[in-house]
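The values are calculated or read from the model by the stated rules, or taken from the named source; none is laboratory data. Nothing here was measured: the structure is a model prediction, and the numbers come from that model. Every residue, glycine among them, receives a Cβ derived from its backbone with ideal geometry; neighbour counts consider all protein chains shown. Each accessible area value is taken on the protein alone, full model and side chains, heavy atoms only, with ligands, DNA and RNA left out. Shrake-Rupley method; radii C 1.70, N 1.55, O 1.52, S 1.80 Å.
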Amino acid sequence: MPCGMIPVPELRTLPSRLARLCLDVERFCRDRLKMQDSRAWLLAVSGGADSTALLCIMTLLAPRHGWLLHVATVDHQLRPESAGDATFVAGLCRTWHIPCRILTADVSRLARQNGLGTEEAARRARYALLEQARRACGATAILLGHHRGDVAEDQMLRFLRGTGWPALGGMRAEDAERHLLRPLLCTESRVLKELLHHCGITWREDASNADIRYTRNRLRHTLLPLLRTENPRLEETCLHLWELAGIDGDYWRQEMERHLARCPWQETPGSVTLPRALLRGMHAALRLRLYHRAVARLARIFGGQARSATLLALDQAWQEGRGGTTFQLPGNIMARLSGGSIRFYVEKRQARQKS
């Protein structure tokens, strides 16, 4: 059915199974994400099944909460059909009277300029554009269409990259620092497609999702099917791990805030210093999380991601009092020990090339 002929879905017309799906998402939005009534939300919609289902469900729920919906779709200009995907999303939004922004990014150029892989360049460009759109429309947060299956994929990716606990549990349902919310994170992809079929809503298939040159696709099409043969309830198992990681993460964040309130770290543009007084007497588990938080603070601006092996080596050097030792982390981020303190800073590329 063409976009212009698809009526606005209504909750009361759905069969009980699909109505329960929407009400489960509503409960997750209320209890887990703390989404308040009478707020504006920006939905990131690619035109694929998952994000289109997010648009459908939020359209069903919006009248019950006075939510004002906005949509943004990002054309990464990586495929000939990407402009058509954006046009499809805009057409559906026009039919449902939802404001829609089409955002474009030359990902190939950005990847070349910044020495990044295509996946990473696309991710950075997408989130930067979505945040600009969120501010422009006055939305409280950006809503993403990640679902239960994405949790398993993300956990495997983090495991391969050497991510530590509790971040190994996968993506968070709420990322307050980046204004991101994931309302569908406990929902099965299969049921989302069932909802779209019932409502007569089509979606766009991204052919690049089958391209195993990309790491995530290789995991999706090779490793994860093998794991499902060993455990048919893999997604449910991964979701339990995600839940436990979230509980642990909340505890450690509270511990960090308590220690930082007693002895704050020192921050300047491009650097974060953890003073000796803060680190002294602290358990290694908490020190490692502080290192990760300091790196993440710089990485939000300069890129990069802390590796567990490097942070463990850094902590060993701190315990042994090896002042003057320097460690290099991804994203041109350095960590230097001096007098029992650790300074994380971004080293200018120009300076490194001259030395």
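Tabulated data
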{"item": "Residues located in the stretch 73-93, provided they are touching a residue at least 60 places away in the same chain (Cβ under 8 Å), open to solvent by 40 Å² or more (accessible area, probe 1.4 Å) and aliphatic (A, V, I, L, M)", "result": "Leu78"}
{"item": "Cβ pairs under 6 Å, 6+ apart, first in the stretch 155-172 and over 16 Å from Glu243 (Cα atoms) and assigned by the TED database to the domain that holds Tyr291, second in a loop (DSSP other than H, G, I, E, B) and β-branched (Val, Ile, Thr)", "result": "none"}
{"item": "Test: Arg64 is in a helix (DSSP H, G or I), surrounded by 19 or more Cβ atoms within 10 Å (Cβ to Cβ) and among the charged types (D, E, K, R)", "result": "no"}
{"item": "Some residue of the stretch 123-133 being at pLDDT below 95, of a type outside the set (Val, Ile, Thr) and surrounded by 21 or more Cβ atoms within 10 Å (Cβ to Cβ)", "result": "yes"}
{"item": "Wholly enclosed strands (runs of 3 or more DSSP E) of the stretch 247-355 bearing at least 1 residues at pLDDT below 90 and open to solvent by less than 40 Å² (accessible area, probe 1.4 Å)", "result": "326-329"}
{"item": "Unmet requirement for Asp211, which otherwise passes all of (1) open to solvent by less than 50 Å² (accessible area, probe 1.4 Å); (2) touching a helix residue (DSSP H, G or I) at 6+ places or on another chain (Cβ under 6 Å); (3) touching a residue at least 24 places away in the same chain (Cβ under 8 Å)", "result": "(3)"}
{"item": "Qualifying positions in the stretch 224-235 - open to solvent by 60 Å² or more (accessible area, probe 1.4 Å) and hydrophobic (A, V, I, L, M, F, W, C)", "result": "Leu226"}
{"item": "Failed item, numbered, when Ile57 is tested on (1) farther than 21 Å from His146 by Cα; (2) of a type in the set (Val, Ile, Thr); (3) assigned to a helix (DSSP H, G or I)", "result": "(1)"}
{"item": "Residue satisfying all of: in the stretch 94-122; basic (Lys, Arg) and closer than 18 Å to Ala44 by Cβ; surrounded by the fewest Cβ atoms within 10 Å (Cβ to Cβ) among these", "result": "Arg94"}
{"item": "Any chance Pro99 is in the same structural domain as Arg161 (by the TED database), modelled with pLDDT under 90 and on the phi < 0 side of the Ramachandran plot", "result": "no"}
{"item": "Any hit, the stretch 33-50, residues being touching a residue at least 60 places away in the same chain (Cβ under 8 Å) and part of a helix (DSSP H, G or I)", "result": "yes"}
